[in-house]
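*Asks:* Dropping the structure in here first, questions after.
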Amino acid sequence: MERLIKRMFRDYYSKAFSLNESLVSPIERREFGVQFFDGLMQRHLSFAAGEELRSFLTSKVPKGVYYSSACYENPAAKEMELKGWVCADLSFDIDVDHIPTKCKQEHDWWRCKNCGYEGRGMSPPRCPICGSERMERHTWICDKCQHEAKEHLYRLVDDFLMGDLGLSPKQLIITFSGHRGYHVRVVSDEYSRLDPESRGLLIEYILGLGVKELVLEEVSGRRRYRAYPLDELGWRGRVARLLYEVISGYSVEELLEIGLSEDAARFIVRNRVGILRQLEARRPSWSFIKVIGRRNFESLVEEARFRGAAIIDERVTRDVKRLLRLPGSLHGSTGMMVKPLSYSELEGFNPMEMPSPFERFGDLCIKITSKRTYKVTVGGYKYDPASNPVGRPLKLPAPLAIYLLLKGHAEVVGDGDCT
Ligand SMILES: [Zn+2]
Ligand SMILES: [Zn+2]
């Protein structure tokens, strides 16, 4: 299998790959790293120009290619201390792995390697029974997951980076990660020089940490029941608008689901029009708290925070020496391209329909080896486990076959050639 996939990756790097140098500029200041198919990692690489990098990739054919968000005096120095760190672009990673999507109940499961306890859905960090962190995790990325990742990307970009921070689309380098999310790099000297602590504050802000506490404090303080205007800047306005959305759109069942009591949920739905009018008023008010009580209001605010926050991977934003996937390279767990996207391309972009560089290889012969595969679309080709039985030789379009092989759900039959 490795030989077949390496052949196809080599074909991509020698024929189709072209590095848009402006996306990694200044290239000579960046550290590069690659991971090979045998699992070995090579870091501290440096290239003077894109062409040099391309011939390296064509001859070595790595499984994954990375570059630093940081710029260094000597990016090839083997010791971090000798590299001469200059700055690091503020970077964000949105990964659906960290987002609690409802469909995870259908396609994700986990088992504690210590006591054997297992469950469906998003895996807890440690076993709820014995506390062990040794967990076996099986995840799947369905079309709904991809949709959810994009929703969080929009929150990050529209609401926080462009909305609250006032950045322009030209200052953002956005890429589809090639798997289950997006990366965003901010190209701005102002932000590239931020220290890890300031980056930490930004992370808290984007995740909405402390928002609930702030609102509850202000509600019980001097501003008693005085609501935030819908057009207020930052989190206050966001909470106001999202409370409006929740109150205007949620059914009694949905309100119960987010933790409201039966009485409170019914009161809100019954008095919806009046409550919304108070939120829209010139001097808006949250006087409905008097009826539903503070605890129910807290659940509403928490829901507003949850709907407003962009779930980002903290480690990526905090770490000023981290490597990111190279735009235009292939993701070694899916065979999908790490696709650069302009802001205007985002709306029409669907990772599942993204044309695959492996299209031209036609069909491959594989067999499914795992009982835990679910529906997925790759390169526009739909896969459904119901029509692809486990263990039987199948002819599948190369983009889909490569995806299943790299994810470890299938094996090559013979040399993969169906003809
Ligand atoms: Zn356990
Ligand atoms: Zn899903």
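The values are calculated or read from the model by the stated rules, or taken from the named source; none is laboratory data. Quick caveat, the model's predicted, so the values are computed rather than measured. With ideal geometry, Cβ positions are generated from the backbone for all residues, glycine too; neighbour counts draw on all protein chains shown.
*Asks:* Suppose we filter L405, L396 for residues that are closer than 28 Å to Q105 by Cβ, under 24 Å from the mean Cα position of the chain (by Cα), of a type in the set (A, V, I, L, M) and not assigned by TED's automatic domain parsing to the domain that holds F9; which single one remains?
*Replies:* L405
*Asks:* Take D89 and decide whether it is surrounded by 14 or more Cβ atoms within 10 Å (Cβ to Cβ), away from ligand 2 (no atom under 16 Å from the Cβ), touching a residue at least 12 places away in the same chain (Cβ under 8 Å) and more than 22 Å from G348 (Cα to Cα).
*Replies:* Yes.
*Asks:* Same structure again: Please verify whether S18 is farther than 26 Å from G200 by Cα, free of Cβ contacts under 8 Å to residues at least 12 places away in the same chain and out of contact with any Asp or Glu (no Cβ under 9 Å at 6 or more places or on another chain), treating the condition exactly as stated.
*Replies:* Answer is no for this residue.
*Asks:* Here is a check on your reading of the model: is I141 of a type outside the set (K, R), in contact with a strand residue (DSSP E or B) (Cβ under 9 Å, 6 or more places away or on another chain), surrounded by 21 or more Cβ atoms within 10 Å (Cβ to Cβ) and farther than 30 Å from I27 by Cα? Steps first, please.
*Replies:* Values: of a type outside the set (K, R): yes; in contact with a strand residue (DSSP E or B) (Cβ under 9 Å, 6 or more places away or on another chain): yes; surrounded by 21 or more Cβ atoms within 10 Å (Cβ to Cβ): yes; farther than 30 Å from I27 by Cα: yes.
So I141 fits the description; yes.
*Asks:* Oh, and also: Looking at the structure I just gave you, is Y244 within 28 Å of the chain's Cα centre (by Cα), assigned to a helix (DSSP H, G or I) and under 18 Å from V291 (Cα atoms)?
*Replies:* In short, yes.
*Asks:* Within region 387-396, does at least one residue satisfy the condition of being under 27 Å from L153 (Cα atoms) and buried (at least 21 other Cβ atoms within 10 Å of the Cβ)?
*Replies:* The answer is no, given that none of the residues of region 387-396 is under 27 Å from L153 (Cα atoms) and buried (at least 21 other Cβ atoms within 10 Å of the Cβ).
*Asks:* Anything in region 332-364 that is under 24 Å from R3 (Cα atoms), assigned to a strand (DSSP E or B) and of a type in the set (D, E, K, R)? List them, or say none.
*Replies:* Quick first cut of region 332-364, residues under 24 Å from R3 (Cα atoms) only: 332-338, 355-364.
With the extra rule that they be assigned to a strand (DSSP E or B), the set shrinks to 337, 363-364.
D363, the sole residue that qualifies.
*Asks:* What number of residues within region 395-417 satisfy the criterion of being over 15 Å from F358 (Cα atoms) and without any contact (Cβ under 8 Å) to a residue 60 or more places away in the chain?
*Replies:* Qualifying residue count, region 395-417: 5.
*Asks:* Would you pick out the residues in region 370-419 that are closer than 19 Å to D143 by Cβ, of a type in the set (K, R) and not in a loop (DSSP other than H, G, I, E, B)?
*Replies:* K382
*Asks:* Here is a follow-up. Which residue is surrounded by the most Cβ atoms within 10 Å (Cβ to Cβ), if the candidates are limited to region 98-138 and must be among the β-branched types (V, I, T) and either away from ligand 1 (no atom under 12 Å from the Cβ) or in the same structural domain as Y381 (by TED's automatic domain parsing) (or both)?
*Replies:* Going through region 98-138, the residues among the β-branched types (V, I, T) turn out to be 99, 101, 129.
Remaining after also requiring either away from ligand 1 (no atom under 12 Å from the Cβ) or in the same structural domain as Y381 (by TED's automatic domain parsing) (or both): 99, 101.
Details: I99: 18, T101: 22.
By that ranking, first place goes to T101.
*Asks:* Can I ask one more? Which of the helices (runs of 4 or more DSSP H) found entirely inside region 169-235 contain at least 2 residues meeting this: exposed (fewer than 15 other Cβ atoms within 10 Å of the Cβ) and assigned by TED's automatic domain parsing to the domain that holds F92?
*Replies:* In region 169-235, 189-192, 196-207 are the helices (runs of 4 or more DSSP H) which contain 2 or more residues that are exposed (fewer than 15 other Cβ atoms within 10 Å of the Cβ) and assigned by TED's automatic domain parsing to the domain that holds F92.
*Asks:* From (1) under 19 Å from T317 (Cβ atoms); (2) touching a strand residue (DSSP E or B) at 6+ places or on another chain (Cβ under 9 Å); (3) not in a helix (DSSP H, G or I), pick out the condition that doesn't hold for S132.
*Replies:* (1)
*Asks:* Run down K290, K367 and say which single residue is at negative phi, surrounded by fewer than 21 Cβ atoms within 10 Å (Cβ to Cβ) and part of a strand (DSSP E or B).
*Replies:* Selected residue: K367, the only one of K290, K367 that is at negative phi, surrounded by fewer than 21 Cβ atoms within 10 Å (Cβ to Cβ) and part of a strand (DSSP E or B).
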